[in-house]
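Student: I'd like to ask you about the structure that follows.
We did not get these values from a lab; they are worked out from the coordinates using the rules stated. All figures in this text were calculated on a predicted structure; none of them were measured in a lab. Every residue, glycine among them, receives a Cβ derived from its backbone with ideal geometry; neighbour counts consider all protein chains shown.
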Amino acid sequence: MENRPPASQPPGDDFSRRELTLAQLAPESDWFRLHQAEFSPVYFGRTGEGRFDSPNSTFGTLYLAKDLAGAFVEVFCRQAVRATTEEWLNSFHLAKFNANRALTLVDLTGPGSVRMGLGDARLTSGDYSIAQLWTQAFHNHPERPDGLLYRSRHDPEQKLAAIFSRTESIWRHHSCGTLGEHLDNDQLFALLDRYDFELLPF
């Protein structure tokens with residue numbers, strides 16, 4: 001019989017006594033977020049629609065990417081059709097975020113997932129309901145992390161962060177304009193080519 005790993009499980013009753021695997025990120029590091037023009041770049045979601053949202057809306061979660069490619073892949077690579085238009089691209093504005101102190105994030109990018117009892121990396125690609133239970137446990141842990149550091153399931157080279165709303169006061173942000181305003185044609189086409197996107201004429 002094939003030995004299959006067990007399905008992802010919620011955190012155990014003893015999780016608060018486990019030591020977290022944490023990544024320390026320097027202050028003033030750049031983080032990126034794409035958002036549509038009619039919405040604020042700062043959005044600590046409580047809807048439960050995000051993978052690392054609170055399961056009971058007791059706190060909000062802000063999703064950021066370490067690089068522009070990570071912000072792009074999280075917005076555009078969720079769609080089934082790998083094609084877009086210049087108009088659609090430019091309906092998204094790019095915001096750059098900086099924290100005024102060092103960040104302490106639960107590190108899900110390496111062996112920490114095993115060390116903390118998650119078993120494997122399916123927290124970043126599997127059932128949202130399980131991921132949200134773990135998010136609640138991380139948020140409530142005595143070590144009080146600022147959020148989670150994880151890899152994009154669409155491009156594992158890209159590091160992302162789910163930031164808890166208790167950090168809201170430490171963030172500064174400024175607009176970089178639309179994608180078209182921020183990137184020259186060569187940079188934009190390189191980004192589209194990286195993820196095999198076709199740019200349609202209209």
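Student: Go through the residues of region 97-106 one by one and say whether even a single one is charged (D, E, K, R), more than 14 Å from the chain's Cα centre (by Cα), surrounded by fewer than 20 Cβ atoms within 10 Å (Cβ to Cβ) and assigned to a loop (DSSP other than H, G, I, E, B). Spell out the reasoning first.
Tutor: Keep residues of region 97-106 that are charged (D, E, K, R), which gives 101.
When the remaining residues are screened for being more than 14 Å from the chain's Cα centre (by Cα), the result is 101.
Then keep just the ones that are surrounded by fewer than 20 Cβ atoms within 10 Å (Cβ to Cβ); that gives 101.
So of that shortlist, the ones also assigned to a loop (DSSP other than H, G, I, E, B) come out as 101.
Yes, that holds for at least one residue.
Student: Another one. Of (1) within 24 Å of Thr104 (Cα to Cα); (2) more than 20 Å from the chain's Cα centre (by Cα), Phe197 satisfies all except one. Which?
Tutor: (1) is the only condition that Phe197 fails.
Student: Suppose the filter is out of contact with any Gly (no Cβ under 9 Å at 6 or more places or on another chain) and closer than 18 Å to Asp146 by Cβ; does Ala26 pass it?
Tutor: Numbers: out of contact with any Gly (no Cβ under 9 Å at 6 or more places or on another chain): yes; closer than 18 Å to Asp146 by Cβ: yes.
Considered against the rule, which asks whether it is out of contact with any Gly (no Cβ under 9 Å at 6 or more places or on another chain) and closer than 18 Å to Asp146 by Cβ, Ala26 comes out as yes.
Student: So which residues in region 17-74 are aromatic (Phe, Trp, Tyr), under 29 Å from Pro142 (Cβ atoms) and assigned to a loop (DSSP other than H, G, I, E, B), if there are any at all?
Tutor: First, pick out the residues of region 17-74 that are aromatic (Phe, Trp, Tyr): 31-32, 39, 43-44, 52, 59, 63, 72.
Narrowing the set further to residues that are under 29 Å from Pro142 (Cβ atoms) leaves 31, 43-44, 52, 59, 63.
Passing the criteria: Tyr43, Phe44, Phe52, Phe59.
Student: Pick out, from region 157-202, the strands (runs of 3 or more DSSP E) lying fully within it that include 1 or more residues that are closer than 18 Å to Ser40 by Cβ.
Tutor: Details: elements: 159-164, 171-178, 198-200.
Where strands (runs of 3 or more DSSP E) fall fully within region 157-202 and carry at least 1 residues being closer than 18 Å to Ser40 by Cβ, they are 159-164, 171-178.
Student: Could I ask something else about it? Tally up the residues in region 107-141 that are closer than 20 Å to Arg17 by Cα, within 16 Å of the chain's Cα centre (by Cα) and assigned to a loop (DSSP other than H, G, I, E, B), please.
Tutor: 1
Student: Only residues in region 45-68 that are touching a residue at least 40 places away in the same chain (Cβ under 8 Å) count as the first member; pair them with residues that are of a type in the set (D, E, K, R), Cβ under 6 angstrom, at least 6 apart or cross-chain, and list the lot.
Tutor: Here the result reads Gly60/Arg46; Thr61/Asp53; Leu64/Arg33; Lys66/Lys159, each pair linking region 45-68 to a residue that is of a type in the set (D, E, K, R).
Student: Which condition from (1) touching a residue at least 40 places away in the same chain (Cβ under 8 Å); (2) closer than 30 Å to Leu188 by Cα; (3) surrounded by 19 or more Cβ atoms within 10 Å (Cβ to Cβ) is the one that Trp134 breaks?
Tutor: (2)
Student: Follow-up question, since we're still on this one. Within region 124-131, does at least one residue satisfy the condition of being under 30 Å from Asp196 (Cα atoms) and without any contact (Cβ under 8 Å) to a residue 40 or more places away in the chain? Explain how you work it out, then say what you get.
Tutor: Kept after step one, since they are under 30 Å from Asp196 (Cα atoms), are these residues of region 124-131: 124-128, 131.
This time we only want the ones that are without any contact (Cβ under 8 Å) to a residue 40 or more places away in the chain, so: 125.
Yes, that holds for at least one residue.
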